[in-house]
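What follows is calculated from the coordinates using simple rules that are stated; it is not laboratory data. Owing to the predicted nature of the structure, the values given are computational and were not obtained by experimental measurement. All Cβ positions, glycine included, derive from the backbone under ideal geometry; neighbour counts span all protein chains shown.
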Amino acid sequence: MSNPTSVGASPSEAPEELNPFLIAQRQADDAARYLPELDPGLIEFLKKPDRLLTIEFPITTSSGEVKNFIAYRAVHNRARGPGKGGIRYHPEVTADEVRALASWMTWKCAVVDVPFGGAKGGVICNPKELSDEDIRHLTRRFTAELGEAIGPYTDIPAPDVGTGPATMAILYDTYEMMHKGSNNLGVVTGKPVHIGGSLGRVEATGRGGLNVTQRALERGVLEGTKDLKGMTVVIQGFGNVGGVAATLFHEAGAKVIAVSDSGGGIHDRDGIDPAVAHEHKRETGSVSGLEGCEAVSGDELLTLECDILIPAALENQIRADNVDDIKTRLVVELANGPTTPDAAAELQRRQIVVLPDILANAGGVTVSYFEWVQNNENEQWDEQVVNEKLAEKMRRATDAVLQKHEEICGTLDQIRARRKALRRGEESIEPPDLRMAAFVVAVERVARVTLDRGIWP
Ligand code: NAD
């Protein structure tokens, strides 16, 4: 095992591991301890990506210079179906980040039970410093370099940080130019609706997060709170995922009291109207500076007192060094990998419930799956149909995770009793969190398909 720390280790005992791929492997290892019947060799296989492509290519920029880029595409596992996962354009993309994101995609697709495996891609670049024409050249060249590595039945990209429907339209067009004469719409999801995209896809990750939160509250994960009415919400990241979540949680009766993006954060205890924040962002490029709100730094935002904290930006935001200052009751992980294992252990010890990324943000890939089905069937479903199907998938996934959690550590009442015993010193081991349950569901499902298909030859 490559991770240097152990589950529940005190943050002071060892330097914290921040490599996302090692974190992802550790999470799978931890889950495997609840699946003792699985062969250790199988677990080793399931922890590693099937392949990682590294591509280096140039483009001529709109200012006439030649610029070189490094890009990655990882396929983690395709036991349950074609690889599926977004493409990130960000200056801090690394091979290990892409590998981690690909493996989380495998587990996420299994939790939400869509017939895909896990994949992910990334280009080391700062899209804010590139013109639209540069981004078009970069996307076309990257897609051409990927060649036959992607395809509607092999590996299907989607948007992630720094990319969106417009990028997916270019990716689709490039692939289509190289594969004329067949229906290639299913090669990529998250396309604009008028180019084969699904209604509801842009909102799907935020909406799925709302569905999961509502179901988990209904099922009693927070003692004494059954719905979102009046709950205060803080959101880090006001992009596709966080911006939509702000609107939907607000519409569901919660009060959004702080939001941030890479330009800064804003806070108003009386509540921020997300529509006004969106308008301000459209006009100025950031939520920062919205009239009537107090400015907060990124660090301060995470530590504001609230009922629900939603990290919706990047990995490793809640860590050993800031977890003690987190003052929330519930963390809804809409970003991938926002909480480190050490921080997660501390949140669990403090009885702060975490709805883990591989469940909470799985709405995006779920509607990507719906888009792929519509593309293959030449259909366009009404938005209401998409949202209803999404809500049902997210409800089932939440129930499966809660059910597994109960199998592992008893009912919520039994856990509360166990916790009291822990405080009295009669118990020594903290019950596992919902992330563990979600990983056990996922690893079990992927392992089962792998074994039932048989390891080739
Ligand atoms: P995006 O590029 O649309 O938005 C990212 C937002 O985060 C931007 O507002 C950016 O300014 C902000 N940001 C970046 N660094 C920040 C920081 N340090 N503090 C505060 N804000 C910061 O990307 P997105 O698609 O919304 O993705 C956000 C997260 O959700 C990522 O972790 C991504 O992997 C995950 N996710 C996305 C999808 C999807 O469908 N797009 C699906 C599942 C998970």
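Observations
- For Val354, the residues 5 or more places off, or on other chains, whose built amide H falls under 5 Å of its own are Val331, Leu434.
- Considering only Cα atoms, the convex hull volume of region 12-70 works out to 147 Å³ per residue.
- Karplus (6.51, -1.76, 1.60) ³J(HN,Hα), θ = phi - 60°, over region 50-64, in Hz, Gly and Pro reported as x: 5, 7, 9, 8, 10, 10, 10, 8, x, 9, 9, 7, 5, 8, x
- Principal axis dimensions, largest first and in whole angstrom, of region 81-183 by Cα: 38, 38, 20
- For region 81-182, GluC sites (Glu not before Pro) are listed when DSSP marks them as loop and at most 16 other Cβ atoms sit within 10 Å of their Cβ; the list is Glu92.
- Taking Lys and Arg as +1 and Asp and Glu as -1, the other residues whose beta-carbon sits under 13 Å from that of Val449 total +2.
- DSSP-assigned coil residues among chymotrypsin sites (Phe, Trp or Tyr not before Pro) in region 101-153, each with at most 16 further Cβ atoms within 10 Å: Tyr153
- For the chain, the calculated P(r), taken from all Cα-Cα distances in 10 Å bins from zero up to the bin holding the longest distance, is 4, 21, 32, 28, 12, 3, 0, 0 percent.
- Semi-axis lengths (Å, descending) of the ellipsoid that matches the C-alpha gyration tensor of region 210-296: 25, 12, 10
- Taking 0.36 nm per residue of separation and subtracting the current Cα-Cα distance, fully stretching the chain between Thr225 and Glu92 would add 44.0 nm.
- Straight-distance crosslink candidates among lysines, where the alpha carbon sits under 18 Å from Lys389 and sequence neighbours closer than 8 are dropped: Lys108
- Calculation over all alpha carbon pairs of region 204-355 in 10 angstrom steps from 0 returns a P(r) of 12, 46, 35, 7, 0 percent.
- Within-14-Å neighbourhood charge of Gly41 [Cβ basis; K, R +1; D, E -1]: -2
- Members of Lys255/Lys327; Lys128/Lys255; Lys48/Lys281; Lys47/Lys180; Lys229/Lys281; Lys47/Lys327 lying beyond 28 Å, as alpha-carbon distances in this model show: Lys128/Lys255; Lys48/Lys281; Lys47/Lys180; Lys47/Lys327
- Rel. contact order, % - alpha carbon contacts under 8 angstrom, at least six apart, region 49-185: 27
- Relative contact order %, the chain, counting alpha carbon pairs below 8 Å whose residues are six or more apart: 16
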